[in-house]
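We did not get these values from a lab; they are worked out from the coordinates using the rules stated. Being a predicted model, the structure only gives us computed values, none of them experimental. Note: ideal-geometry Cβ built from the backbone for every residue, glycine included; neighbour counts use all protein chains shown.
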Amino acid sequence: MVRRSQRKQEEPDLGVLSSRTLFSLQRELFTKLSEQGHPEVRPRHGAVLAYLDEEGSRATDLAAQSGQHKQVIGTLVDELVALGYVERQPDPADRRAKLIVPTAKGLDHMAKSDAVLAEMEAAHAKAVGEEAYAAFKRVFTLVVRRQTGS
């Protein structure tokens, strides 16, 4: 009899593959970012920094894009403000609302993060072939859209 855990190792389902990919990607990304001058940022901060526009974003938009509750985003923004990565500013389009705006330190982190991720993707494309990797991304994007309804 094949044990469930053994079957999951040999034929992982979408959830297992997604989590392995996410955790491995985060480990490599945040290790490299730490080496490049951003040791205090943690994977949880990605719910803000990965979706943050250079001109600023509303917390409600960050919550919707990341799939996190607005309260979680608020806590993460508080942490990132304390670390010097973002600041809250009045939204010029609606003075009652606040924008979460990256500081120079935040912009540096975002640029380095984009560069590290581009390097990681290029390495995967080289390992499996450009065409296969492009097809994988197209299919994975379709699966994500179907799963999230977006």
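The figures follow:
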read-out	value
Distance between modelled label sites at Asp91 and Leu142, nm, 7 Å Cα→Cβ extension	3.5 nm
Tilt relative to the chain, helix 14-35 - C-alpha long axis, 0 to 90 degrees, to 10	50 degrees
Stretch gain in nm, segment Lys98-Ala111, where the contour uses 0.36 nm per residue and the Cα spacing is subtracted	2.3 nm
Amide H contacts of Asp91 (H built 1.01 Å from N, under 5 Å, at least 5 apart or other chain)	Ala97, Lys98, Leu99
Total charge dipole magnitude, region 1-87, about the Cα centre, Cβ charges on Lys, Arg, Asp, Glu only, Debye to nearest 20	700 debye
Acute angle (nearest 10 degrees) that the helix 130-148 long axis makes with the longest principal axis of the chain, alpha-carbon atoms	70 degrees
Fully extended contour minus Cα-Cα distance, from Leu17 to Glu40, at 0.36 nm per residue	5.5 nm
Radius of gyration, Dmax [the chain; alpha carbons; angstrom]	18.0, 64
Relative contact order computed over the chain (Cα-Cα under 8 Å; 6+ residues apart), in percent	18 percent
Computed [θ] at 222 nm, deg cm²/dmol, the chain (DSSP H ≥ 4; -39,500 (n - 2.57); rounded to nearest 500)	-21500 deg cm²/dmol
Principal-axis tilt of helix 70-83 within the chain, Cα atoms, nearest 10 degrees	70 degrees
